[in-house]
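As structure tokens, the structure follows; a few thoughts come after it.
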Amino acid sequence: MDSANIEHSSSDASGSSKGVAAYLASHLREYGLLLALIVIMAFFQIVTEGTLLRAVNVTNLLLQNSYIIIMALGMLVVIVSGNIDLSVGSVMGFVGALAAVMIVNYDISIYATIVVCLIVGGLVGAAQGYWVAYWKIPSFIVTLAGMLVFRGLSLWLLEGQSVGPFPREFQIVANGFVPDIFPAGIGEFFAGIFDARKVNVLALFAGVAAAIIIFWMGSRQRARNKAYGIEDEPSSFFIARNVIVAAALIFITYKLSTFRGLPNVLITMGVLTIIYAFITSSTVIGRRIYALGGNAKAAKLSGIKTERLTFLAFTNMGILAAAAGLVFAARLNTATPKAGFGLELDVIAAVFIGGASMSGGVGTIIGAVVGAFLMGVLNNGMSIMGIGIDYQQMIKGLVLLAAVIFDVYNKQKQG
Amino acid sequence: MTTLLEMRKITKEFPGVKALDEVSLKVQKGEIHAVCGENGAGKSTLMKVLSGVYPAGSFEGEILYEGEPANFRNILDSEKRGIIIIHQELALVPQLSIAENIFLGNERASNGVIDWRETNRRTEELLSKVGLREAPTTLVDSIGVGKQQLVEIAKALSKDVKLLILDEPTAALQENDSRKLLDLMLELKAQGVTSIIISHKLGEVRYVADTVTVIRDGTTVSTLPAKGLSEDDIVRDMVGRDMTHRFPEHARTPGDILMEVEDWTVWHPEHKERRVIKNASFNVRAGEVVGIAGLMGSGRTELAMSIFGRSYGRNISGTVKLKGQPVDVSNVPRAIKAGISYVTEDRKSLGLVLDEPIRFNTTLANLEAVSSGGVLNRNEETRIAEHYREALATRTPSVFQKVVNLSGGNQQKVVLAKWLFTSPEVLILDEPTRGIDVGAKYEIYTIINDLAAQGKGVVMISSEMPELLGMCDRIYVMNEGALVGELTAAEASQERIMSLIVNE
């Protein structure tokens, strides 16, 4: 104990005085993740001779990973609370099947179907959360059971057949694009500059606006931190990080604008990510979830209703899995009995690559989203290269292991 | 006497700080050598250097053991030479039996098949040596901390120990268990075992030690024979200043009755037929510090936790009144709302979220006060955390420091800050100074006095009788789940408290 005190107080002392190097050392994880994503993208961009970042592929990349990201948001919350949910792939498939049966077989309206599906997802999550929260049954077991149950339910619901196709209005949930609201003249003007066929100005505008907002909010936070004397990242880092993020955002939206514009799912994904990032970092309930995962007993003795929080985390996960199921079904334009098979592992991997801890209490939404993209780029890049599914699996597995080893190594070095 | 161990000019650096700066320690064969020092002084680091946790080469200086240089690369190396260290946090596997624990990693086996008869026979021998009357097959889970400590020692004895190192062995023990343990140390000494004891409790040090080495800020301050050394001498060396008073001055004039607990009965959560608390009734006045004395296992913590939102037990009956009005304490949020706070005995596992910063922990029990519409106001949070950091003189670079990095005393201040921020009327403090060094204890006492001066009622549970005698206006004595006596500060003495416990 004694030595640990001394060790730590020393690293803090040097943190404020030595600045950049020490800051980098203590935040290696966050920068490492961002850097890894950039390096991997650059790598595939080169080996695929530019295919990776072609407009159509960027759009594809977003569409392909949307349901993983939507579920990763909920999984992050579940994992931070100290639990895990293995059932999300099956629940996703089950809800897609339910939507298909309701819309295709029974001609129920799309909106009613969406509402019913989200409610069913919530109920499924609640049913599993109930056993975890109030009966203290390990979440691994409850959701393993759930995985089997809902896989079976999808099969039963679809009677082993694929059901589809969906009407056009439902497909746009996943495959639609936001129409350009700017006059066509502006689009043609940009098309001339970019030497593109046509340009969706809204997409371009959204990218620039998002970059500005991120920079503005970051600066405001910095100013506030300074006022309170909080140790902050060195300004060179702040600027470099923001320039990279802004450039990436603008670049991606530029690419999107020269294809079909902003996909509907990107909006859904973006809004959900912002909402969950806000909830986890800035609200009472978010704070309590971190406390629950960090030390459940201390949280309970601090007056936190830990059972209810766990229950809510699973309910939320169910709703997001349902949302992902709708997006997935709409994207494939059909519901198959095998939909969502094994997807829970991709979701969980994304969260852990994003820096969450298996023991709970640690992890961020942004990390989980970046982790999901990292996996997505790997998948996509390797597929373009024509690497077989066998090697793809192995490489993904090793990336996950490497990310977690990096975490543990970092922690040991600091502690 | 010959020298068993000599550590010469040990210097151990961590990035940016010297934890040990040319520390020397010389231990004679067959003696009990006490190492004293405040938390953070470097005692544990020194022991880690000795036992090979920090391998040879990671520090400067040399270690001579049995007259020859020792280069331990890991704990196994040092254990092979008979150096056994028993850590503050016990390293037993609760789900295994006593015998299994004692021979863990050192199984009595041939060809990988364990010889249970031999194992149990040897265990019985060892247990009788340490004076523990339990069956070898008893699960470690089911015996108390005091007995677990004895199992650890039995385990050490099973390995032909030559140098036994005990890191704060009595920190979690009750007075009579502590005494048993210390007597055991003396007995082992008679059998030729050399021991090093690290302890904050100077009474114990004087009781067992032959030589006392004091370490302060990573350097050796003094090594003196224990004979003729007074506690004040040791304290002066430890803190580098005179500490004429162990307890801060206080003059209290308790007001009206603030909290009243009547006929409180609690049943065991698992063993349904066991009554853990038996019709306990007590009260606290405004501005009063009330102590609850009793042996470990007498039900003090259970009493406190059951009052605090029924955090312990089942079929709880009885009433809790605050300012004459019955209040609802049926769950923790309600108890907090009623104005009761409970500072847990075990701050690491029950009090703090260790991997989170001070700010996070300070506001945890009252997030409503730093949020509006469910959204946290971080600036306000920081301000609150800063306020308590100053008010309680918590030593930390900033409130954004993770609490795991703080010393025991400062961690305790963070726990206190958390509860003070809920604006309680009554604070129940369970072992508020356990594992905290002398200087920090004094500060905690000062905080308690301030709270009483503000008109709050304080209930203090402690295993250290001098602490209760030095701090409390009244002391309730608890034994086997019942309050068996009540003494005013003037009447109370260690002897009277013990006799109440014994004569019940």
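Averaged over its residues, how many other protein chain Cβ atoms are within 10 Å of peptide B:403-414's Cβ atoms?
Counting Cβ atoms of other protein chains within 10 Å of each residue's Cβ and averaging gives 2.
Taking a label point 7 Å from the Cα of residue B:160 along the Cα→Cβ vector, which residues of the range B:65-79 have an amide N closer than 16 Å to it?
Zone members listed by number: B:66, B:76-79.
Just tell me which lysines come within less than 23 Å, Cα to Cα, of residue B:227; anything on the same chain fewer than 8 places away is out.
Correct list for residue B:227: B:26, B:29, B:43, B:180, B:189, B:201.
Measuring from label point to label point, each 7 Å out along Cα→Cβ, what is the residue A:226 to residue B:279 span in nm?
About 7.0 nm, to one decimal.
Considering the dipole of chain B built from charges on the beta carbon (Lys and Arg +1, Asp and Glu -1) around the Cα centre, which of B:84, B:71, B:353 is farthest to its positive end?
Of the listed residues, the answer is B:353.
Just how far, in whole angstrom, is the range A:339-415 from the range B:137-193 if you go by their alpha carbon centroids?
47 Å
Which net charge results for the neighbourhood of residue B:276, defined as the other residues with beta-carbon distances under 14 angstrom from its beta-carbon, given Lys and Arg at +1 and Asp and Glu at -1?
+3
If you place +1 on the Cβ of every Lys and Arg and -1 on the Cβ of every Asp and Glu, how big does the dipole about the Cα centre of chain B come out, in debye to the nearest 20?
The calculated dipole for chain B is roughly 480 debye.
How crowded by other chains is B:350-359, given as the mean number of beta carbons from other chains within 10 Å of each beta carbon?
5
Dipole of the range B:287-416, Cα-centred, from +1 at each Lys and Arg C-beta and -1 at each Asp and Glu C-beta, to the nearest 20 debye?
120 debye
So what is log10(I(q)/I(0)) for the range A:94-214 at q = 0.13, 0.15, 0.20, 0.21 1/Å, when the Debye sum runs over its Cα atoms only?
-0.77, -0.84, -1.04, -1.10
In terms of modelled amide H atoms, which long-range or inter-chain residues lie less than 5 Å from the amide H of residue B:216?
B:221
With a 10 Å radius around each residue's Cβ, average the other Cβ atoms per peptide and rank B:408-415, A:321-328, B:259-266, highest first.
Per-residue mean Cβ counts within 10 Å order the peptides as A:321-328, B:408-415, B:259-266.
What does the buried accessible surface come to for B and A, summed over both chains, with the probe at 1.4 Å? Round to 100 Å².
Chain pair B/A: roughly 3500 Å² of buried accessible area.
If we count every other residue with Cβ under 10 angstrom of residue B:229's Cβ, Lys/Arg +1 and Asp/Glu -1, where does the sum land?
Every neighbour counted, the sum reads -2.
Can you tell me which of A:40, A:193, A:137 moves the most in a GNM of chain A? Springs connect C-alpha atoms under 10 Å apart.
Answer for the Gaussian network model of chain A: A:193.
Quick one: Cα centre-to-centre distance for the range A:126-182 and the range B:215-236, in angstrom?
The range A:126-182 and the range B:215-236 have Cα centres separated by 69 Å.
Answer rounded, prolate or oblate for the range A:307-415, using the Cα gyration tensor with square roots of eigenvalues a ≥ b ≥ c: rounded when a/c is under 1.5, else prolate when a/b is larger than b/c, else oblate.
Verdict is oblate for the range A:307-415.
Among A:318, A:355, A:334, whose Cα lies farthest out toward the positive end of the dipole of the range A:296-376, if unit charges sit on the beta carbon of Lys, Arg (+1) and Asp, Glu (-1)?
Comparing the listed Cα positions along the dipole, A:318 ranks first.
For chain B, take N as its residue count and report Rg(C-alpha) divided by 2.2 N^0.38 Å.
1.03
Stick to Cα atoms and the Kirkwood definition of Rh, then tell me Rg/Rh for the range A:243-316.
We get a ratio of 1.22 for the range A:243-316.
Output the direction-averaged projected area (hull surface divided by four) of the convex hull of the alpha-carbon atoms of the range B:1-153, in nm².
The directionally averaged projection comes out at 11.3 nm².
Starting with the highest mean, order B:141-150, B:296-305, B:478-487, A:346-355 by the number of other Cβ atoms within 10 Å, averaged over the residues of each peptide.
A:346-355, B:296-305, B:478-487, B:141-150
Quantify how strongly other chains surround peptide B:273-280 by giving the mean number of their Cβ atoms within 10 Å of each of its Cβ atoms.
Whole-number average of other-chain Cβ neighbours for B:273-280 is 0.
How much area per residue is accessible in the range A:204-327 when the probe is 1.4 Å and only protein heavy atoms are counted (Å²)?
45 Å²
Classify the range A:31-84 as rounded, prolate or oblate, taking a ≥ b ≥ c as the square roots of the eigenvalues of its Cα gyration tensor: rounded when a/c is under 1.5, otherwise prolate if a/b is larger than b/c and oblate if not.
oblate
Quick one: with all protein chains in place, what share of the accessible area of the range A:200-283 is carbon or sulfur, to the nearest percent (1.4 Å probe)?
Using a 1.4 Å probe with all protein chains present, the range A:200-283 comes out at 74 percent carbon and sulfur.
Looking at the square roots a ≥ b ≥ c of the eigenvalues of the Cα gyration tensor of the range A:228-278, which shape do they give, rounded for a/c under 1.5, prolate if a/b is larger than b/c, or oblate?
oblate
Two-decimal Rg/Rh of the range A:142-277 from alpha-carbon positions, Kirkwood Rh?
Here the Rg-to-Rh quotient is 1.15.
Place +1 on the Cβ of every Lys and Arg and -1 on the Cβ of every Asp and Glu in chain B, take the dipole about the Cα centre, and give the residue among B:487, B:33, B:338 whose Cα lies farthest towards its positive end.
B:338
Would you mind computing the Rg to Rh ratio of the protein assembly as shown from its alpha-carbon coordinates, Kirkwood style for Rh?
Rg/Rh: 1.02.
If we count every other residue with Cβ under 9 angstrom of residue B:256's Cβ, Lys/Arg +1 and Asp/Glu -1, where does the sum land?
Neighbourhood net charge equals +2.
So if each residue of separation counts as 0.36 nm, and I subtract the Cα-Cα distance between residue A:241 and residue A:159, what length gain in nm does that give?
Once the chain is fully extended between residue A:241 and residue A:159, it gains 24.4 nm.
Using a 1.4 Å probe over the heavy atoms of the protein chains, calculate the carbon and sulfur portion of the accessible area of chain B as a whole percent.
Of the solvent-accessible surface of chain B, carbon and sulfur hold 46 percent.
Pop a pseudo-label 7 angstrom from the Cα along the beta-carbon direction at both residue A:359 and residue A:402 and give the gap in nm to one decimal.
Those two pseudo-labels are separated by 2.6 nm.
What does the extension gain come out to for residue B:106 and residue B:395, with contour length at 0.36 nm per residue minus their alpha carbon separation?
The residue B:106-residue B:395 span can extend by a further 99.7 nm.
Packing-wise, with mean Cβ within 10 Å as the measure, how do B:82-93, B:101-112 rank, highest first?
Sorting B:82-93, B:101-112 by mean packing, highest first, produces B:82-93, B:101-112.
Evaluate the charge dipole of the protein assembly as shown about its Cα centre and quote only its size in Debye, nearest 20, assuming +1 on the Cβ of each Lys and Arg and -1 on the Cβ of each Asp and Glu.
1880 debye
With label points built 7 Å along Cα→Cβ from the Cα atoms of residue B:80 and residue B:222, find their separation and express it in nm.
About 4.1 nm separates the two model spin labels.
The values are calculated or read from the model by the stated rules, or taken from the named source; none is laboratory data. What you see is a predicted model; the values in this text were computed from it and never measured. Backbone-built Cβ (ideal geometry, glycine too); neighbour counts: all protein chains shown. Heavy atoms of the whole protein, side chains included, go into the accessibility calculation; ligands, DNA and RNA do not. Shrake-Rupley method; radii C 1.70, N 1.55, O 1.52, S 1.80 Å.
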